[in-house]
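The values are calculated or read from the model by the stated rules, or taken from the named source; none is laboratory data. Since we're looking at a predicted model, the values are computed, not measured. Methodologically, a virtual Cβ is constructed for each residue, glycine included, from the backbone with ideal geometry; neighbour enumeration extends over all protein chains shown. Heads up: the accessible areas ignore ligands, DNA and RNA and are worked out on the full protein's heavy atoms, side chains in. Shrake-Rupley method; radii C 1.70, N 1.55, O 1.52, S 1.80 Å.
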Amino acid sequence: FRRWFADQHFDLIVWYAEDRSIVGFQLCYDKGKNERALTWKKDSGFTHRAVDDGEGIGGHQRMTPVLVPDGAFDTDPVLQAFQQAGKNVEHDIVTFVVQTIRGQTG
């Protein structure tokens, strides 16, 4: 199963195994500007992508948003903002996400 947390700056989707352990998460940030998504899966690690919002160009109809390749993840500013915004998310979830990201990037 999964849980989804959202505010004006972040979306956090957390995937769980049947035993309620976290097996993955996706942290979407810079919503409304240049949205990107950092995804972690227990069995395959990290990916970092930009979100192509599917906005129509030249009168074409809007398409479904998709993830496309993006550059490096800017760890410190994103995690600082996430920790501030995460005050309404359970502490153990925020801690898991931050520690998992720091363990990979830091």
- Message: Using only the alpha-carbon atoms, what does segment 1-57 span along each of its principal axes? Please give whole angstrom values in decreasing order.
- Response: 44, 23, 17
- Query: Per the helix-only calculation at 222 nm, which mean residue ellipticity applies to the chain, given -39500 (n - 2.57) for every DSSP H run of n ≥ 4 and division by its residues, nearest 500 deg cm²/dmol?
  - Reply: -8000 deg cm²/dmol
- Query: Each label point is 7 Å from the Cα along the Cα-to-Cβ direction; what then is the distance between the points at D52 and T75, in nm?
  - Reply: 3.0 nm
- Task: Tally up the carbon and sulfur contribution to the accessible surface of the chain as a whole percent, 1.4 Å probe, everything protein left in place.
- Result: 49 percent
- Taking the structure as given and computing mean projected area of the Cα convex hull in nm², which label from (i) 7.6; (ii) 6.0; (iii) 8.7 fits? (i)
- Query: All other residues with a Cβ under 14 Å from the Cβ of R36 taken together, and with Lys, Arg as +1 and Asp, Glu as -1, what is their net charge?
  - Reply: -4
- Per residue, how many Å² of accessible area does the chain show with a 1.4 Å probe? 66 Å²
- Which is the longest stretch in the chain that no exposed loop site breaks, taking sites as trypsin sites (Lys or Arg not before Pro) with a DSSP loop state and at most 10 other Cβ atoms within 10 Å? 63-106
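Let me know the charge dipole size of the chain about its Cα centre in debye, to the nearest 20, where only the beta-carbon of Lys, Arg (+1) and Asp, Glu (-1) is charged.
Computed charge dipole of the chain: roughly 100 debye.
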- Solvent-accessible surface ranking, highest first, for Y29, Y16 at 1.4 angstrom: Y16, Y29
- Considering Cα pairs under 8 angstrom that are at least six residues apart, work out the relative contact order of the chain and quote it in whole percent. 15 percent
- Estimate the FRET efficiency between W15 and T64 by the formula 1/(1 + (r/R0)^6), using the beta-carbon distance for r and 25 Å for R0, to the nearest 0.05. 0.75
